[in-house]
Amino acid sequence: MADLILTTFNWVPQMPRGFVRDIRVRWALEEAGLPYRVESVPFDGRGPDHFLHQPFGQVPWLMDGDLSIFESGAILLHLGTLSEALMPADPRRANETKEWLFAALNSVEMASLPWSLFQFWNATGDPPGWQQLDGFLKLRLKHMETVLAAREWLAGGFSVADVVMADALRLVDRFDGLAGHPACQSYLARAMARPAFVKAHADQMAHFAAAD
């Protein structure tokens, strides 16, 4: 099997480092032990080839032979077909993994990302929409607290669903948004203690620091 090629930016500002979406792909690749290499595109001056692979000018994308895949969720689903460390072979558990992957993207991250952007922008006083966003996130976390209080991982063993869910919660935790949700905090701590995450995070930080 030829090495998979993960493409990310050559540099990003300090604030998003450690949270750029290529970390999800790095993490999954490390969990599965799949061979891969990392290539870069300029953060500034994104050219036609970039938009050919990623129509919004974002990162990451993954090359598997002549197959180019963008969006972290789609990439993780593809990687799940390559390794049972990421997606169980049992159809019922595979379906549960997919359900939770999409729940992380569509139910949790759709609340956590705008909430976190308000935090990044220091706009959490009383701007229009803030109270609604804050309440929306807290409701999602309340439901996740119930789920995670009863299980170690989302779909039996660790899977790509946990990569996405943990990453979505990690952004909330950056701004202490998991306070009062001990099951979510414990789940996140378990995920971040995994050697594959530790390596993926260190590698992303080193990648961007090398271009400073």
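Tabulated data for the structure shown
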{"item": "In the range 68-83, the residues that are outside any helix (DSSP H, G or I) and either surrounded by fewer than 15 Cβ atoms within 10 Å (Cβ to Cβ) or in contact (Cβ under 8 Å) with a residue 40 or more places away in the chain (or both)", "result": "S68, T81, L82, S83"}
{"item": "The range 158-180, residues that are open to solvent by 30 Å² or more (accessible area, probe 1.4 Å) and touching a residue at least 40 places away in the same chain (Cβ under 8 Å)", "result": "R174, F175"}
{"item": "Hits in the range 14-66 - residues which are in contact (Cβ under 8 Å) with a residue 60 or more places away in the chain, farther than 20 Å from F208 by Cα and in a strand (DSSP E or B)", "result": "D64"}
{"item": "Of residues in the range 110-155 being hydroxyl-bearing (S, T, Y) and within 16 Å of A179 (Cβ to Cβ), the one surrounded by the most Cβ atoms within 10 Å (Cβ to Cβ)", "result": "S112"}
{"item": "Elements of type helices (runs of 4 or more DSSP H) contained in the range 86-189, each with 2 or more residues being more than 26 Å from E71 (Cα to Cα)", "result": "130-148"}
{"item": "Among (1) open to solvent by 40 Å² or more (accessible area, probe 1.4 Å); (2) touching a residue at least 12 places away in the same chain (Cβ under 8 Å); (3) within 15 Å of the chain's Cα centre (by Cα) - the single one L101 does not satisfy", "result": "(1)"}
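The values are calculated or read from the model by the stated rules, or taken from the named source; none is laboratory data. Source: prediction; values computed, not measured. Note that we place each Cβ from the backbone using ideal geometry, even for glycine, and neighbour counts take in every protein chain shown. Heads up: the accessible areas ignore ligands, DNA and RNA and are worked out on the full protein's heavy atoms, side chains in. Shrake-Rupley method; radii C 1.70, N 1.55, O 1.52, S 1.80 Å.
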